[in-house]
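Input: a single structure, listed below in structure tokens.
The values are calculated or read from the model by the stated rules, or taken from the named source; none is laboratory data. All values reported here derive from a predicted model rather than from experimental measurement. Please note: Cβ atoms are built from the backbone with ideal geometry, for glycine as well, and neighbour counts cover all protein chains shown.
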Amino acid sequence: MSDRLQSLTSLEGKTALVTGGSRGLGRSISLVLARAGAFVYVNYRSGEDGANTTVAEIETEQGRGIPVQFDVSDPAAVDEAVKGVIQEHGGLDILVNNAGISRDGLIGRMKDADWNQVIETNLSGAFHLCRAASKGMIRKRQGRIVNIASAAGEAGNPGQINYSAAKAGLIGLTKALARELAPRNVLVNAVSPGIISGGMSDELDDDQVDAIRTHVPLRRMGTGAEVANAVLFLCSGMSDYVTGQVIRVNGGLYV
């Protein structure tokens, strides 16, 4: 790798917060950012063992990170956590809103709690983090926010109206916030994965996976690392003129 390219991809001296970093995509994203030199706060709500495993993998590769527990749907807890990160490291340079849950069901059987929990975590949680983190980024006149959306938020999935609505809302949040923060040099983008091995896709049975795979031109599931590499691009110097965009990492799904 040339010195110029290495400089553009380096996150040395940067502090990142990845929500939902205890498993799946969150773990992959945390590892890739740490490999690029960032100090990574690995958020978890209840998966302490998983978050510790993520940090252990980061440290095994000579990276730096620490687990941090809070519920993204709790605005007071979010404010306190972000305040702590800023006090410990002098600022927060990168926010990746990855935390998400699913409570699938057809509309006739979906309970209010199933709707509310998904919206509060997947959409309101990102709002809480963006509000808390953007204040410091605005003052520093620099920062990167990456929201993990989903193909479900662009095309919709039957049986996932709550999840699809939350991810569609996250895309709208991304575009509006990008316009709002651009004058302060804070870049806001989204990565929209298709069906990715690990994480929530593990809840699908073989028939469901095969049915989805037939719609993917590349005829395979993606990997967490492939999504994480797109996140790295948006967090690095390679994307200094990119904001308000949705990068689709889906193997051509819905092309």
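Some points to look at:
- Condition check for Ala182: under 25 Å from Ala38 (Cα atoms), modelled with pLDDT of 90 or more and touching a helix residue (DSSP H, G or I) at 6+ places or on another chain (Cβ under 6 Å): no
- Condition met for Gly136 (in contact with a helix residue (DSSP H, G or I) (Cβ under 6 Å, 6 or more places away or on another chain), within 15 Å of Thr174 (Cα to Cα) and assigned to a helix (DSSP H, G or I)): no
- Whichever residue in segment 63-91 is part of a loop (DSSP other than H, G, I, E, B), in contact with a helix residue (DSSP H, G or I) (Cβ under 9 Å, 6 or more places away or on another chain) and of a type outside the set (Asp, Glu) and, among such residues, is nearest to Ser134 (Cα to Cα): Gly91
- Qualifying residue in segment 139-154 (condition: surrounded by fewer than 18 Cβ atoms within 10 Å (Cβ to Cβ), out of contact with any Ser or Thr (no Cβ under 8 Å at 6 or more places or on another chain) and in a helix (DSSP H, G or I)): yes
- Tally, over segment 102-133, of residues that are of a type in the set (Gly, Ala, Ser), in a helix (DSSP H, G or I) and surrounded by 15 or more Cβ atoms within 10 Å (Cβ to Cβ): 5
- Test: residue in segment 26-44 that is touching a residue at least 60 places away in the same chain (Cβ under 8 Å), part of a loop (DSSP other than H, G, I, E, B), surrounded by 17 or more Cβ atoms within 10 Å (Cβ to Cβ) and at positive phi: no
Yes/no per residue for (1) without any contact (Cβ under 8 Å) to a residue 60 or more places away in the chain; (2) part of a loop (DSSP other than H, G, I, E, B):
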site	(1), (2)
Ala165	yes, no
Gly172	yes, no
His215	yes, yes
Ala225	no, no
Leu232	no, no
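- Within the set Ile107, Ile86, the sole residue that is closer than 24 Å to Leu11 by Cα, hydrophobic (A, V, I, L, M, F, W, C) and at pLDDT 95 or above turns out to be Ile86.
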